[in-house]
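Take a look at the structure below.
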Amino acid sequence: MSRTGIRMYLSVGGHNPPAPNFTARTMTAQRGPGGRAIVRAQIINTGGRALDLSGTLKLASVSGSLSAGPYQVQLGTSLAPHQSEPVIIPVTDEVADGPWRATLELRSGLLVKKFHAKIKFPHTHGMAPAAAVDAEASSGNALKGLVAGTLLLGTALLIITNRIRRRHDRTTADA
């Protein structure tokens, strides 16, 4: 038996809660006991709604043209408002120590953000120092573009339909 569900948020007060938002503070590169590379990112829910995060990590060599990924993000549960949790990204390929330019793209619903950090994996089992993260927000830009495109398409269709009707009316009046 399988179960599915839909998450629904209800507001019974007279105001809307703050919009969803999140940020990443640090990214940390580590190697597990078997030498597998893992990236951890500390994510903080800075908004007023729970987040169900998904996303990918891509690696690009700082000193060359190598790249790796995308790798899928693993987050255990929903992230409640003002809660902080690590996001774990297992790197499934064998990768060199680096340095790498890591790009983490996370999404929750329509909110999409990218975070960048320069990381270097330890040569053996262990954890490297945490790297500071630069954020690049693109939240809602896809939705804004979709709405603008839909409006332009609708306007174009109205204009074309209007012109066709006028031509049809003229030819019927001439006949």
Pair LEU110, LEU152: separation of 7 Å Cα→Cβ label points (nm)
1.9
At ASP134 and GLU94, where each label point lies 7 Å from the Cα along Cα→Cβ, what is the point-to-point distance in nanometres?
3.2
How far apart, in nanometres, would the label points at ILE160 and SER78 be if each is projected 7 angstrom from Cα along the Cα-to-Cβ direction?
4.3
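None of the figures in this text is laboratory data; all of them are computed from the coordinates on show. As the structure is a computational prediction, the values presented were derived from the model and not from experiment. Ideal geometry is used to build each Cβ from the backbone, glycine not excepted, and the neighbour counts take in all protein chains shown.
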